[in-house]
Amino acid sequence: MSTPTDQHTWDYSAPHVHPIRIVKSDIDGMGHANNACYVIWCEQCAWNHSEFLGLGIKDYQRLNRGVAIRKASYEYFLPSFENEDLLIATWLTACDGKFRLERRFQMINLATGQTVQRGHWELICVTLSSGKVTKFPNEFTECYGNAVVSSAHL
């Protein structure tokens, strides 16, 4: 799903939105969604966005290139509970055209409209066969570079 939702206040324009329904297996011993689930949901949303933009895992393998998380940070504001629906939005917010990329996330509780989590990834381009940092192939620069958003509400 890639539809901006006007009823929510997103941090950046043109969000790529991915829905999540919290299920029983997401709940930890404290009675709310486990923080590790948020990390997995961010990864799912990022892949969904990348595929929407035209780069999937088969493209990564064909090019022997990928983007790997160099640094990740998450800020949690409110707990989420079983049977709640979240909207996870992601944006590419920087691309140096060489080997660095930045991605941001925001999760909103669909019922309340409140932001429950924000995330930030710093990514680097790597050669899949060696794991070494390398330059973006043209496909990455064109695809990811053209998707960078710049206006923020933060």
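No value in this document is a laboratory result; all are computed from the given coordinates. All of these numbers come straight from a predicted model, not from anything done at the bench. Methodologically, a virtual Cβ is constructed for each residue, glycine included, from the backbone with ideal geometry; neighbour enumeration extends over all protein chains shown.
Which lysines, if any, have their Cα less than 16 Å from the Cα of K135, not counting same-chain residues under 8 positions apart?
Cross-link targets: K98.
Would you kindly state how much longer the chain becomes between L110 and T127 on full extension, computed as 0.36 nm times their sequence separation minus their alpha carbon distance, in nm to one decimal?
Stretched out fully, the L110 to T127 stretch lengthens by 2.3 nm.
Please report the net charge: other residues with Cβ closer than 13 Å to the Cβ of V133, K and R +1, D and E -1.
+4
Specify whether the C-alpha gyration tensor of the range 113-154 places it in the rounded, prolate or oblate class, a ≥ b ≥ c being the square roots of the eigenvalues: rounded for a/c under 1.5, otherwise prolate if a/b is larger than b/c and oblate if not.
Since a/c reaches 1.5 but b/c is at least a/b, the shape of the range 113-154 is classed as oblate.
Going by average Cβ neighbours within 10 Å, how do the peptides 126-137, 32-43 rank, with the highest at the top?
The densest-packed peptide leads the list: 32-43, 126-137.
First measure r as the distance between the Cβ atoms of H120 and N146, then evaluate 1/(1 + (r/R0)^6) with R0 = 22 Å and state the FRET efficiency to the nearest 0.05.
Working from the Cβ atoms, E equals 0.60.
What ranking, highest mean first, results for peptides 8-17, 68-77 when packing means the other Cβ atoms within 10 Å averaged over each residue?
8-17, 68-77
Pairs of Cα atoms under 8 Å, at least six residues apart: use those to get the relative contact order of the chain, whole percent.
Reported as a whole number, the value is 28 percent.
In nm, to one decimal, how far is the modelled label at I27 from the one at Q61, with both set 7 Å along Cα→Cβ?
Label at I27, label at Q61, 3.8 nm between them.
Note the listed values (i) 43, 33, 23; (ii) 48, 38, 27; (iii) 47, 45, 33, then indicate which one is Cα extents along the principal axes in Å calculated from this particular structure.
(i)
Out of I88, L123, A111, whose Cα points farthest toward the positive end of the dipole of the range 16-145 (charges: +1 Lys, Arg; -1 Asp, Glu; placed on Cβ)?
L123
For Q114, list long-range residues whose amide hydrogen, built 1.01 Å from N in the peptide plane, is under 5 Å from its own amide hydrogen.
HN-HN under 5 Å from Q114: N109.
Could you give the length gained on full extension between E75 and A14, defined as 0.36 nm per residue of separation minus the Cα-Cα distance, in nm?
19.8 nm
Roughly what angle does helix 35-53 make with the longest principal axis of the chain, taking Cα atoms, 0 to 90 degrees, to the nearest 10?
Around 50 degrees separate the two axes.
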